[in-house]
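Scroll down for the structure; my scribbles are underneath it.
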Amino acid sequence: MTHAPRIFSGIQPSGGLTLGNYLGALRRFVEKQGQVETVYCLVDLHAITVWQDPARLRHQTREAAAAFLAAGIDPAQSILFVQSHVPAHAELGWMLSCVARVGWMNRMTQFKDKAGKNAEAVSLGLYAYPALMAADILAYQATHVPVGEDQKQHVELTRDIAAKFNHDYGVEFFPLPEPVIEGTATRVMSLRDGSRKMSKSDPSDASRINLTDDADTIAQKIRKARTDADPLPGSMAGLKDRPEARNLVNIYAALTGEAPDAVCARFEGQGFGAFKPALAEVAVGVLSPITTRMNALMADPAEIDRILLAGAERADAVAAPIVADAREIMGMIRGAR
Ligand code: ATP
Ligand code: LTN
C-alpha cells in the first residue's frame, strides 16, 4: 500500500522558541508548505513530560502558535493545531506503547540526556515520550517528518513501531515515515557551550537566541558568545576542532543561505571582533520582522485560539478515522466514534 505524501511535525511549547527551532525546524516547515499536505502541531502533551507551570504553558503555547504564524505558516495551507485538542494522539499513543518494546525505549539518547543521573525520579511520560511521538506522526499516516538532527532517532523508532504494528497484525496500514533533515543548521549549538545543542529549556538564557529577543539582546548575546582568539580560516575544514567558531559560521550561513565555506572565505583572516557584529546584523535582519509579527499576533490571543481550534477540527477529521481503523485492526469492537 502506498500512502499519499503527507508531512507532519511538532514543536514543544516548553519555553519560547529559539533560533535553533527556527533554523532546524520552523523555517523548513514553511518551505514545505504548498508542496504537499502539511500538518504542524504544538505538542503540549509532550511538554508536560517535565514540569510546566500551567499559566506559563498556556502562554508558551499561544506564543509558539504566534511564532509559527509569524514565520509564515498559513493556516489556510497547513493544519496548525494543539496536540491536546485532538484525542487521537493520546489514544494512539497508548495503543503504540503496547507495540513498542521497553528495550527500544532504553536506547533513546534524548531520554538519557534529559533524565541524567535521575532516571528513577523522572516522569513515566518522559520515558514513554517516543511512543506518543510515533502516534503523532502515524495518526496522520504521515510519510515525511522534517526535524532537527536530534530527532532522527525518534523518527527511526517511529518506523520500527509502524513496521512492528504492520507485521504483528498482518497489515500494511502505517507508512514508514522518513526523517527530513536538511540544510546547514540541523544542529545549532549553544552560544555558551559548543558541545551542547541550543535548547529552549536550557537554564541559561545567554545560551540561546529567542524569537522574542530584541535587536540589542541578540547583538549582546552574540557578542558574549563563547569563541576563541584565532582568526577565521578560509574554509570549514579549518574549523574542525573549533566547535563554537564552527557553530557561529554555520548560523551565519543558514541565515543568509550561503554555503559555510563561502562565509569562511569571505571572512578569512578576520577575528570574531569583526565576525560577531556581522553575524548580529544578519540575525537581526532575519529575526526582527518575525518578532514584530509575533508581538502583533500576541496582542490578540483570542484570534490565536480561534485559528488553533479551527486547525484542531481539521486535524481531528484526518486522525480520528485512522485511529478508528487502528482500533479495529487491533481487535477492539467498533464503538460510537
Ligand atoms: P526542549 O529544550 O524543551 O527539549 P528544544 O528547544 O530542544 O526543546 P523541541 O521542541 O524539542 O525543541 O524541538 C522542536 C524542533 O526543533 C525539532 O524538530 C528539533 O529537532 C528542532 N531543534 C531543536 N533544537 C534545535 C537546534 N539546536 N538546532 C536545530 N534544530 C533544533
Ligand atoms: N520530540 C520532538 C517534538 C515532537 C515531534 C513530534 C516532532 C513531538 N511529536 C512529531 C516531529 C513529529 C522534540 O522533542 N523536538
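The values are calculated or read from the model by the stated rules, or taken from the named source; none is laboratory data. Bear in mind that the values here come from a model prediction, so they are computed numbers and not experimental data. Cβ: placed from backbone, ideal geometry, glycine included. Neighbour counts: every protein chain shown.
Name the one entry in Ala162, Ala245 that is more than 16 Å from ligand 2 (Cβ to nearest atom) and out of contact with any Lys or Arg (no Cβ under 8 Å at 6 or more places or on another chain).
Values: Ala162 fails: more than 16 Å from ligand 2 (Cβ to nearest atom).
Answer to the check: Ala245.
Every residue, every condition in (1) modelled with pLDDT of 95 or more; (2) under 24 Å from Ala324 (Cα atoms); (3) buried (at least 19 other Cβ atoms within 10 Å of the Cβ); (4) of a type in the set (Gly, Ala, Ser), yes or no:
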residue: Leu126; (1), (2), (3), (4): yes, no, no, no
residue: Tyr129; (1), (2), (3), (4): yes, yes, yes, no
residue: Gln151; (1), (2), (3), (4): yes, no, yes, no
residue: Thr158; (1), (2), (3), (4): yes, yes, yes, no
residue: Ala163; (1), (2), (3), (4): yes, yes, no, yes
residue: His167; (1), (2), (3), (4): yes, yes, no, no
residue: Glu182; (1), (2), (3), (4): no, no, no, no
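Of the residues Gln33, Gln60, Gln52, which is surrounded by fewer than 22 Cβ atoms within 10 Å (Cβ to Cβ) and farther than 22 Å from Tyr140 by Cα? So that I can check it myself, show each step before the final result.
Working: Gln33 fails: farther than 22 Å from Tyr140 by Cα; Gln60 fails: surrounded by fewer than 22 Cβ atoms within 10 Å (Cβ to Cβ).
Only one candidate passes the filter, namely Gln52.
Does at least one position in region 275-294 carry a residue that is under 26 Å from Asp193 (Cβ atoms), of a type in the set (Phe, Trp, Tyr) and under 23 Å from the mean Cα position of the chain (by Cα)?
no
Return the residue satisfying two criteria in turn: it lies in region 204-219 and is surrounded by 21 or more Cβ atoms within 10 Å (Cβ to Cβ) and hydrophobic (A, V, I, L, M, F, W, C), and of such residues it is farthest from Leu69 (Cα to Cα).
Ile218
Can you find, within region 194-203, the residue that is surrounded by the fewest Cβ atoms within 10 Å (Cβ to Cβ) among those that are in contact (Cβ under 8 Å) with a residue 40 or more places away in the chain and part of a loop (DSSP other than H, G, I, E, B)?
First, the residues of region 194-203 that are in contact (Cβ under 8 Å) with a residue 40 or more places away in the chain: 194-195, 197-201.
With the extra rule that they be part of a loop (DSSP other than H, G, I, E, B), the set shrinks to 194-195, 198-201.
Numbers: Gly194: 18, Ser195: 8, Met198: 25, Ser199: 21, Lys200: 20, Ser201: 12.
Once the filter is applied, the top-ranked residue is Ser195.
Glu172 - would you say it is out of contact with any Leu (no Cβ under 7 Å at 6 or more places or on another chain), surrounded by fewer than 15 Cβ atoms within 10 Å (Cβ to Cβ) and either within 26 Å of Ala280 (Cβ to Cβ) or at pLDDT below 95 (or both)?
Details: out of contact with any Leu (no Cβ under 7 Å at 6 or more places or on another chain): yes; surrounded by fewer than 15 Cβ atoms within 10 Å (Cβ to Cβ): yes; either within 26 Å of Ala280 (Cβ to Cβ) or at pLDDT below 95 (or both): no.
So Glu172 fails the test.
I need every pair where a residue in region 133-159 that is more than 15 Å from Ile11 (Cα to Cα) has its Cβ under 7 Å from the Cβ of a residue that is among the acidic types (Asp, Glu) and more than 8 Å from ligand 1 (Cβ to nearest atom), sequence separation at least 6 or different chains.
Final answer for the pair search is Thr143/Glu178; His144/Glu178.
Of the conditions (1) within 16 Å of ligand 2 (Cβ to nearest atom); (2) modelled with pLDDT under 95, Ala90 clears all except one; give me its number.
With respect to (1) within 16 Å of ligand 2 (Cβ to nearest atom); (2) modelled with pLDDT under 95, Ala90 is out only on (2).
Residue by residue, here is whether (1) within 11 Å of ligand 1 (Cβ to nearest atom); (2) under 25 Å from Leu80 (Cβ atoms) holds:
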| site | (1), (2) |
| --- | --- |
| Gln110 | yes, yes |
| Leu132 | no, yes |
| Ala135 | no, yes |
| Tyr140 | no, yes |
| Glu156 | no, no |
| Pro179 | yes, yes |
| Ala185 | yes, yes |
| Val188 | yes, yes |
